[in-house]
Amino acid sequence: MTEIKFIADVMVGKLARWLRVLGFDVLYSNKFEDNEIIRIADAEGRIILTRDTPLAARKHESPCLLIESSNYQEQIRQVLRSFDLKEFNVFSRCLECNVALVDVDKESVFDRVPPYVYLTQDRFARCPSCDRVYWHGSHAEEMGRGAFV
Ligand SMILES: [Zn+2]
């Protein structure tokens, strides 16, 4: 898995979520202001993803990708193309917290997931931050709703 890390501005929240589906580390908050984005990007070595031309033009040490399309599928393609990303680690990151998931025993999630899911899935993982339980299908279903790669 590549170590590439991103920080997304408020205008590309959907893109940020989908990059997390693919396993990428993407910081995103709808409270981020431009100065904060630049500060965090420079401090943590994150690539800035933005639709904001003035932000992209401002002086910062970190690389910055100006997202061209308003369509999130196009946005994902642009990011994958721009950084030549071909390896994905689906089912590895919480879509809400951007935190790496931890594998858990099937028995431990018995009362946390729908019965059908419990019966048909064998691999479960938990977010150590928000305690959400994920299973392989949960990311796959999300991806299945819009083919983009
Ligand atoms: Zn979480």
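Considering only residues in region 100-114 that are surrounded by fewer than 15 Cβ atoms within 10 Å (Cβ to Cβ) and under 23 Å from TRP18 (Cα atoms), the one that is farthest from the chain's Cα centre (by Cα) turns out to be ASP103.
Out of curiosity, is VAL149 at pLDDT below 90, away from the ligand (no atom under 16 Å from the Cβ) and among the aliphatic types (A, V, I, L, M)? Yes. Counting only helices (runs of 4 or more DSSP H) that fall entirely inside region 1-58 and contain at least 2 residues that are at pLDDT below 95, open to solvent by 10 Å² or more (accessible area, probe 1.4 Å) and more than 23 Å from LYS86 (Cα to Cα), the qualifying elements are 34-44, 53-57. Looking only at region 32-45, decide whether some residue is of a type in the set (Gly, Ala, Ser) and at positive phi. Yes, because at least one residue in region 32-45 is of a type in the set (Gly, Ala, Ser) and at positive phi. VAL117 passes every criterion in (1) part of a helix (DSSP H, G or I); (2) open to solvent by 80 Å² or more (accessible area, probe 1.4 Å) apart from (2). For SER92, the criteria (1) modelled with pLDDT of 95 or more; (2) open to solvent by less than 30 Å² (accessible area, probe 1.4 Å); (3) out of contact with any Cys (no Cβ under 8 Å at 6 or more places or on another chain) hold in every case but one, which is (1).
Scanning region 106-136 for residues that are away from the ligand (no atom under 15 Å from the Cβ) and in contact (Cβ under 8 Å) with a residue 24 or more places away in the chain gives ARG123, HIS136. Based on this model, can you work out whether SER70 counts as under 19 Å from the mean Cα position of the chain (by Cα), modelled with pLDDT under 90 and either in a helix (DSSP H, G or I) or away from the ligand (no atom under 14 Å from the Cβ) (or both)? Answer is no for this residue. In region 74-103, the residues that are at positive phi form Cβ pairs under 9 Å with partners that are in a loop (DSSP other than H, G, I, E, B) and open to solvent by 20 Å² or more (accessible area, probe 1.4 Å), at six or more places apart or across chains, as follows: PHE91/LEU101; PHE91/ARG123; ASN98/SER129.
The values are calculated or read from the model by the stated rules, or taken from the named source; none is laboratory data. Being a predicted model, the structure only gives us computed values, none of them experimental. Here Cβ is always computed from backbone atoms with ideal geometry, including for glycine, and neighbour counts include all displayed protein chains. Protein only, heavy atoms only, side chains kept; ligands, DNA and RNA dropped before computing areas. Shrake-Rupley method; radii C 1.70, N 1.55, O 1.52, S 1.80 Å.
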